[in-house]
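Only the coordinates and a few stated rules stand behind these numbers; no lab work does. Keep in mind it's a predicted model, so treat the numbers as computed, not measured. Here the Cβ positions follow ideal geometry from the backbone for every residue, glycine too, while neighbour counts run over all protein chains shown.
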Amino acid sequence: MNRVVLVSPSGSIFKSLAELGLDDLPADARPELTVLCWEAGAGEAPSIAVGHDDSGTLSGRLRLSVQRALSGSAAGRNLFRLTPWDGGSRMWRAVRRSPAARQALREAGLIVAVERDSILTAWKSVHSSLARDAAAVYGLPSARTVLKDSRPHG
């Protein structure tokens with residue numbers, strides 16, 4: 001597995017990258033890491049910024065207001081997930097618009113959805129022609145298991 005793409009819209013993965021367990025792998029077996037996030041972060045792994053925080057714009061403030069109004073009940077949260085303002089849908093659209101992100105996903109052997117809003121991007125990537133040969137998992141423990149199992153035994 002030569003490339004692992006971590007989809008982390010908030011960029012919070014940079015704080016917990018050690019949980020992936022790459023230090024346990026021999027140096028020649030460590031995959032190349034790429035992080036897809038809204039804004040480029042300063043971390044150990046290179047990141048690809050696929051968009052920007054729109055909370056200061058009119059549409060961003062409207063989106064946040066609707067989200068706050070609907071977040072009080074399970075039905076409201078599910079209703080919000082059906083709108084184009086949903087974080088997962090926004091992340092998938094941003095990744096599709098970014099040539100660098102699409103290229104990283106094409107080269108990926110493993111796509112890790114780190115946050116809830118990245119699950120749709122990981123799922124659609126492996127179920128479309130974008131990253132058909134890649135595996136997709138949710139969370140760092142699952143990714144660590146896949147990386148450990150893909151190591152050549154010897």
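Please report the base-10 log of the normalised intensity I(q)/I(0) for the chain, using a Debye sum with one equal scatterer per alpha carbon and no solvent, at each q in 0.10, 0.19, 0.21 (1/Å). Computed log10 I(q)/I(0) values: -0.37, -1.14, -1.32. Within the chain, the longest segment free of exposed loop sites, counting GluC sites (Glu not before Pro) that fall outside DSSP classes H, G, I, E and B and have at most 13 other Cβ atoms within 10 Å, spans 45-154.
Other residues lying with their Cβ under 10 Å from the Cβ of P84 contribute a combined charge of +2, Lys and Arg counting +1, Asp and Glu -1. Checking every one of the trypsin sites (Lys or Arg not before Pro) in the stretch 58-154 against DSSP loop status and a limit of 11 other Cβ atoms within 10 Å picks out R132. The distance separating the Cα centre of the stretch 86-154 from that of the stretch 60-81 comes to 26 Å.
I need the Kirkwood Rh of the stretch 49-115: take the reciprocal of the average 1/r across all distinct C-alpha pairs and report it in angstrom.
Hydrodynamic radius (Kirkwood, Cα pairs) of the stretch 49-115 is 13.6 Å.
Charge tally around S142: other residues with Cβ under 15 Å, Lys/Arg +1 each, Asp/Glu -1 each, net 0. Largest mean-square fluctuation among L58, L79, L33, in a Gaussian network model of the chain whose springs join Cα atoms under 10 Å apart, belongs to L58. Rounded to the nearest 20 debye, the dipole size of the chain about its Cα centre is 680 debye, using +1 on the Cβ of Lys and Arg and -1 on the Cβ of Asp and Glu. Calculation over all alpha carbon pairs of the stretch 101-154 in 10 angstrom steps from 0 returns a P(r) of 26, 51, 20, 2 percent. For the stretch 99-153, the relative contact order works out to 36 percent when only alpha carbon pairs closer than 8 Å and six or more residues apart are counted.
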